[in-house]
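Report on the following structure.
We did not get these values from a lab; they are worked out from the coordinates using the rules stated. Since we're looking at a predicted model, the values are computed, not measured. With ideal geometry, Cβ positions are generated from the backbone for all residues, glycine too; neighbour counts draw on all protein chains shown.
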2 protein chains.
Amino acid sequence: MREALGIHILIEFYECDPETLKSVNNIEKTFLKAADEAGAKVVTSNFHQFQPYGVSGVVVIEESHFTIHTWPEHNYAAVDLFYCDPSVDGDKAIKVIKDALKSKNFSTMELKRGTFVSYADTVENKEQFVEKETA
Amino acid sequence: MREALGIHILIEFYECDPETLKSVNNIEKTFLKAADEAGAKVVTSNFHQFQPYGVSGVVVIEESHFTIHTWPEHNYAAVDLFYCDPSVDGDKAIKVIKDALKSKNFSTMELKRGTFVSYADTVENKEQFVEKETA
């Protein structure tokens with residue numbers, strides 16, 4: 001496995017309950033609960049209600065960030081969970097958010113951020129890269 | 001082209017100037033300039049200095065968000081630009097950030113968020129999908 005500085009999970013929540021997606025209070029409560037259950041340490045958060053509808057929310061955590069943007073008119077929310085500490089449990093956050101949004105259809109994609117493919121001297125498996133180069 | 005609600009550009013900035021990555025003031029100034037030059041409307045922003053080093057920054061824009069996390073010890077920064085209005089010019093933001101970080105090596109990946117492959121009735125090109133289904 002290649003070393004990475006951060007894990008980034010992108011989640012597409014389709015077929016959500018539109019009333020939940022419209023409520024900035026619901027979204028904020030859900031997101032702070034998700035961060036808590038995931039074991040993330042919240043630094044600050046901002047949630048905004050847009051007109052005529054839609055919510056944007058950002059939770060800055062010590063381990064990076066959680067974000068959400070909702071489109072109630074499409075029953076859709078885009079969520080990102082980015083964290084640099086493997087003790088954060090993204091799956092627990094996803095479950096909290098999915099249940100709150102009542103999403104009947106969702107997909108996730110997990111990316112590694114900061115993988116340093118070309119910079120073996122900055123990662124733990126330096127020897128492995130060096131061996132390959134000199135083999 | 002498939003319709004999408006949002007554009008999400010993920011950028012890996014390698015080989016940056018570590019002193020710039022350490023400075024929360026520099027990062028904040030750079031990010032607000034990037035949002036401005038991209039034509040994004042800033043709602044609020046938060047930037048945090050971590051100990052012993054590293055900066056996290058979030059700019060909530062009316063069109064979604066810009067985020068950054070820096071690892072000065074690896075000369076690396078992870079940047080995300082997420083926007084739901086095609087009038088926002090992500091490339092202009094990338095140029096501002098790249099120049100400020102003095103990144104000698106970077107990569108970008110552009111994703112569509114909210115594409116509704118299976119939910120043709122919620123997107124503008126409904127007729128196109130229906131035609132295909134009945135052809």
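With label points set 7 Å from Cα along Cα→Cβ, the inter-copy distances at A:Val42 are 2.4 nm, sorted shortest first. Every Cα-Cα pair in the protein assembly as shown was counted, and those over 29 Å apart are 32% of them.
With respect to the axis relating copies B and A by rotation, the chain B residue whose beta carbon is closest, plus that distance in Å, is B:Val58, 2.
Placing a label point 7 Å from the Cα of B:Lys102 along the Cα-to-Cβ direction, the residues of region B:6-38 whose backbone N falls under 18 Å of that point are B:13-31. Put a dot 7 Å past the Cα of A:Ser87, heading toward its Cβ, do the same for A:Arg2, and the two dots end up 2.8 nm apart. Label points for A:Glu19 are taken 7 Å from Cα along Cα→Cβ. From this copy to the others they lie 5.8 nm apart, shortest first. A label point on B:Ser107, set 7 Å along the Cα-to-Cβ line, lies at 2.1 nm from each of its counterparts in the other copies, closest listed first. Over all projection directions, the Cα-based convex hull of chain B averages an area of 9.1 nm².
Of the two radii for region A:55-103, the radius of gyration is 0.99 times the Kirkwood radius, both from the alpha carbons; that is the Rg over Rh value.
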